[in-house]
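Just so it is clear, none of the values below were taken in a lab; they were calculated from the coordinates. Here the structure is a predicted model, which means the values were calculated and not measured. Positions of Cβ are backbone-derived with ideal geometry, glycine not excepted, and every protein chain shown enters the neighbour counts.
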Amino acid sequence: MPDRADEWMESAGCIGLGSPSFDPWFPDIPSGTRPERQEPFWAIGRRICSWCPVQLECKWRALRVLGEGGDVQGMMGGMTPFELRAELAMLGTDLPAHGTRERDRKTKCPCTKCRRANADYKAAHKASLRARTRHIVAGTSRSSPTQPHRQSSKAA
């Protein structure tokens, strides 16, 4: 069975737009050009990425590759390799694993696993709050739902 983890790529706006003679995601930048002077070389690729329906997924895939020690050569998710490395440094190299609430909270990762983990956490937290509220209303302690609250022994 084929791996469908990157099925979002089928919807990428860049499919079929590059050519052997011109690829806006891998521009010919003269060596020694400082990153802040490279913008004109990346402008077309960035423009195409800006309307891509899967731009965030593409960006997070590039950050995942970099975070796992891989390398990104061209533009991904509308960001140059330099910008992607800077973003990863800002997020921290010890990103939480995919499919965890921490990953969703820290990076707003758009993958289904991370969104599901956060939704599951929120549902469990909401259920916990409802259960605590029921115990308080019923007159039971939160720590021991079967024991009633003890009244103060001080007489008035």
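Take the Cα of Ser50, go 7 Å toward its beta carbon, and the backbone nitrogen atoms of region 57-91 under 14 Å from that spot belong to 78-79.
By other beta-carbon atoms within 10 Å, ranking Trp42, Trp8 with the fewest at the front produces Trp8, Trp42.
Global size of region 18-95: 12.6, 39 Å for Rg and Dmax (C-alpha atoms, Rg to one decimal, Dmax whole).
I'd like the GluC sites (Glu not before Pro) in region 1-86 restricted to DSSP loop residues with at most 15 other Cβ atoms within 10 Å, sorted by number.
On the way: sites: Glu7, Glu10, Glu36, Glu57, Glu68, Glu83; in loops: Glu68.
Sparse-neighbourhood loop GluC sites (Glu not before Pro): Glu68.
Around the amide H of Gly99, modelled in the peptide plane, lie the amide H atoms of Cys114, all under 5 Å away and 5 or more residues distant in sequence or on another chain. Using 0.36 nm per residue and subtracting the Cα-Cα separation, the extra length available between Ala119 and Thr133 on full extension is 2.9 nm.
Quick check on the exposure proxy: order Met79, Met90 from fewest to most C-beta atoms within 10 angstrom.
Numbers: Met79 22, Met90 7.
Ranking Met79, Met90 by Cβ neighbours within 10 Å, fewest first, gives Met90, Met79.
Among Lys113, Lys122, a tally of other beta-carbon atoms within 10 Å of each Cβ gives an order, fewest to most, of Lys122, Lys113.
Taking Rh as the Kirkwood radius computed over C-alpha pairs, what is the Stokes-Einstein D of region 1-57 at 10 °C in a medium of viscosity 1.306 mPa s, expressed in µm² per second?
Values: Rh = 13.1 Å.
Stokes-Einstein gives a translational diffusion coefficient of 121 µm²/s.
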